[in-house]
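This report refers to the structure that appears directly beneath it.
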Amino acid sequence: MRKFFTLLATLFFVSYTTLASAAPRVLIVVTSHDQMGNTDEKTGLWLAEMTHPYHELKQAGIDVDIASIKGGAAPIDPRSLADDDAINHEFMASPATRTLLDNTLALGDVNPEQYQAILFAGGHGSVWDFPKSDAVNRIGAAIYEQGGYVAAVCHGPAALLNIVDQDGNPIIAGKKVAGFSNVEEAAIELTEVVPYLLQDELSRLGGIYQEGGKFEPFVVQDGRLITGQNPQSAAKLGQVMAQALSANM
């Protein structure tokens, strides 16, 4: 009998140790919207805003899944493919990673209990479908309420416009937050094309908007909320998230 209990205790210890040391898992969410408003131009995910955080997280030993609003192949903004970007090229050239973007999980089917963080990548498509998605609101809130991190970069913070806490308050209310600035939107001449200006909406909902230099890396962390201003902030945002998650392992 003593041997039995010794074996049972050993198995419990091994199982507990395995769970405690398991790598954290992050869900990166990308847009499924591919039309740039009423223009003839296409949009979608700005590729580096997914690949750069993905690269930083994987380098830190963190597991990453990729989901989109509709699931399946995610649209990529063709302008982002023109960048001479080694990380983009590596991601798209490898069948092992390219398939993650060609076969994204449907966000509504995801179990939030499997993730310690969620990251909303940008691209102009996200300003159309992120705020309207019940799955964005439900899963983002669930991960945040269970003690996880919520991150977003560039136009990705559009996802934060309708994520609320248990009391029904926006999770950005009273918190420092970054996102694509009005100055940057004007610089690329899309102020009159997008359905709203992200900076204005983040501020309207009580976010304490923070702004760095135009098209320069800028990331702000306020507790378990991590946001980046523009595509140039994507790698840094991934680094900040990796550090935060690694500190809690």
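Which residue pairs have Cβ atoms closer than 7 Å, lie 6 or more positions apart in sequence or on different chains, and pair a first residue in the range 89-115 that is within 12 Å of Val30 (Cα to Cα) and of a type outside the set (D, E, K, R) with a second residue that is open to solvent by less than 70 Å² (accessible area, probe 1.4 Å) and assigned to a helix (DSSP H, G or I)?
Hits for this filter: Leu107/Ala135; Leu107/Val136; Leu107/Ile139.
Given the criteria in contact with a Phe, Trp or Tyr (Cβ under 8 Å, 6 or more places away or on another chain) and farther than 17 Å from Tyr54 by Cβ, does Gln221 qualify?
Here the answer is no, as Gln221 does not meet what is asked.
Could you look through the range 140-162, keep only residues that are aliphatic (A, V, I, L, M) and in contact with a strand residue (DSSP E or B) (Cβ under 7 Å, 6 or more places away or on another chain), and pick out the one that is surrounded by the most Cβ atoms within 10 Å (Cβ to Cβ)?
Across the range 140-162, the extreme among qualifying residues is Val153.
How many of the residues making up the range 105-132 are open to solvent by less than 10 Å² (accessible area, probe 1.4 Å) and farther than 19 Å from Gly179 by Cα?
Residues meeting the conditions: 2.
Being touching an Asp or Glu at 6+ places or on another chain (Cβ under 8 Å) and open to solvent by 30 Å² or more (accessible area, probe 1.4 Å) is the requirement here; does Gln239 meet it?
Here the answer is yes, as Gln239 does meet what is asked.
Can you name the residue in the range 163-199 that is open to solvent by less than 50 Å² (accessible area, probe 1.4 Å) and free of Cβ contacts under 8 Å to residues at least 24 places away in the same chain and is also nearest to Leu47 (Cα to Cα) among such residues?
Within the range 163-199, the match that is nearest to Leu47 (Cα to Cα) is Glu185.
Test Leu101 against the stated conditions and say whether it is among the aliphatic types (A, V, I, L, M), at pLDDT 95 or above, within 16 Å of the chain's Cα centre (by Cα) and surrounded by 16 or more Cβ atoms within 10 Å (Cβ to Cβ).
Working: among the aliphatic types (A, V, I, L, M): yes; at pLDDT 95 or above: yes; within 16 Å of the chain's Cα centre (by Cα): yes; surrounded by 16 or more Cβ atoms within 10 Å (Cβ to Cβ): yes.
The answer is yes for Leu101.
So that you can scan it fast, the table gives a plain yes or no per residue for (1) within 19 Å of Ala121 (Cα to Cα); (2) at pLDDT 95 or above; (3) under 14 Å from the mean Cα position of the chain (by Cα):
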| site | (1), (2), (3) |
| --- | --- |
| Gly148 | yes, yes, yes |
| Ala151 | yes, yes, yes |
| Ile171 | yes, yes, no |
| Val183 | no, yes, no |
| Ala187 | no, yes, no |
| Leu202 | yes, yes, no |
| Leu205 | no, yes, no |
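Of the residues in the range 1-42, how many are modelled with pLDDT of 50 or more and over 30 Å from Gly238 (Cα atoms)? If you could, list the steps in order and put the result at the bottom.
The initial filter retains those residues of the range 1-42 that are modelled with pLDDT of 50 or more, namely 1-3, 22-42.
This time we only want the ones that are over 30 Å from Gly238 (Cα atoms), so: 1-3, 38-40.
Matching residues across the range 1-42 total 6.
Which of (1) of a type outside the set (Val, Ile, Thr); (2) in a loop (DSSP other than H, G, I, E, B); (3) surrounded by fewer than 21 Cβ atoms within 10 Å (Cβ to Cβ) is the odd one out, the single condition His89 does not satisfy?
(2)
Would a scan of the range 61-73 turn up a residue that is crowded, with 16+ Cβ neighbours inside 10 Å, under 20 Å from Ala242 (Cβ atoms), touching a Ser or Thr at 6+ places or on another chain (Cβ under 7 Å) and not β-branched (Val, Ile, Thr)?
yes
In the range 34-60, how many are open to solvent by 30 Å² or more (accessible area, probe 1.4 Å) and more than 16 Å from the chain's Cα centre (by Cα)? Even if it seems obvious, please write down each step before you answer.
So the first thing to find is which residues in the range 34-60 are open to solvent by 30 Å² or more (accessible area, probe 1.4 Å), and the list is 34-35, 38-42, 46, 52, 55-56, 58-60.
Checking the rest, the ones that are also more than 16 Å from the chain's Cα centre (by Cα) come to 34-35, 38-42, 59-60.
Of the residues in the range 34-60, 9 are open to solvent by 30 Å² or more (accessible area, probe 1.4 Å) and more than 16 Å from the chain's Cα centre (by Cα).
So is Ser203 open to solvent by 50 Å² or more (accessible area, probe 1.4 Å) and hydroxyl-bearing (Ser, Thr, Tyr) or not?
So Ser203 passes the test.
Being in contact with a strand residue (DSSP E or B) (Cβ under 8 Å, 6 or more places away or on another chain), within 19 Å of Ile171 (Cα to Cα) and open to solvent by less than 60 Å² (accessible area, probe 1.4 Å) narrows it down to one residue among Gly223, Gly228; which is it?
Gly228
The values are calculated or read from the model by the stated rules, or taken from the named source; none is laboratory data. Keep in mind that this is a model prediction, so the values were computed, not measured. Reconstructed Cβ throughout: ideal geometry from the backbone, glycine too, with neighbour counts over all protein chains shown. These accessible areas exclude ligands, DNA and RNA; they are computed on the full protein's heavy atoms, side chains included. Shrake-Rupley method; radii C 1.70, N 1.55, O 1.52, S 1.80 Å.
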